[in-house]
């Protein structure tokens, strides 16, 4: 339970259940995949005093180079940071459970007989209507992350070169991430 000190709210200590429920809530209420979840995760964990918001964005930058979904990897590492292995398990389960239920539900809806009315047309219309809204959520996540992470002149320049390489030249995303990491290492060595 949270307590107050000098009129300021001090969040309660993290626990397996609190971490699980926070992750479950984010995973349940967020559509659009990992990039739509990341800003909510950063806000949730920082507002509870578990991890500073800037540190969550550093975790996001780190896990982009790992295989697997960004939200799962971010929740795992943030959970590990908050409560060790138990926290990694709690945060990961919280994020995975809603997606698992949703996938099972969608698979069931898509498997219904298409004749005789049923739920198939409604499910198709629902998914068609969701697509533009999800694109908006993803775009908002990219813009938020850009404002929080792009500094100086080199970061926007690297962003532009990366976009050009991906969209116009068709370079591999893995190659783009590797080149970005190399540029970051070189910048860091030059600064030292």
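The values are calculated or read from the model by the stated rules, or taken from the named source; none is laboratory data. Worth saying up front: this structure is predicted, and the values here are computed from it rather than measured. Don't worry about glycine lacking a Cβ; one is built from the backbone with ideal geometry, like all the others, and counts go over all protein chains shown.
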Query - Which listed residue is at pLDDT below 75 and on the phi > 0 side of the Ramachandran plot, from 49, 33 - result: 33
**Report entry** Selection status of residue 17, modelled with pLDDT of 80 or more, under 11 Å from the mean Cα position of the chain (by Cα) and assigned by TED's automatic domain parsing to the domain that holds residue 134
**Finding:** no
Report summary line: Picked from the stretch 126-138 (must be within 10 Å of residue 36 (Cβ to Cβ) and in contact with a helix residue (DSSP H, G or I) (Cβ under 9 Å, 6 or more places away or on another chain)), the residue surrounded by the most Cβ atoms within 10 Å (Cβ to Cβ) is 137
Query raised in the report: If you take the residues in the stretch 136-151 that are over 22 Å from residue 58 (Cβ atoms) and without any contact (Cβ under 8 Å) to a residue 60 or more places away in the chain, which one is nearest to the chain's Cα centre (by Cα)?
Result: 139
Query raised in the report: Can you pull out the residues in the stretch 50-63 that are surrounded by 15 or more Cβ atoms within 10 Å (Cβ to Cβ) and either assigned by TED's automatic domain parsing to the domain that holds residue 177 or in a loop (DSSP other than H, G, I, E, B) (or both)?
Result: 50, 51
Requested in this report: Any chance you could count how many residues in the stretch 166-177 are within 23 Å of residue 68 (Cβ to Cβ) and part of a helix (DSSP H, G or I)?
Outcome: 6
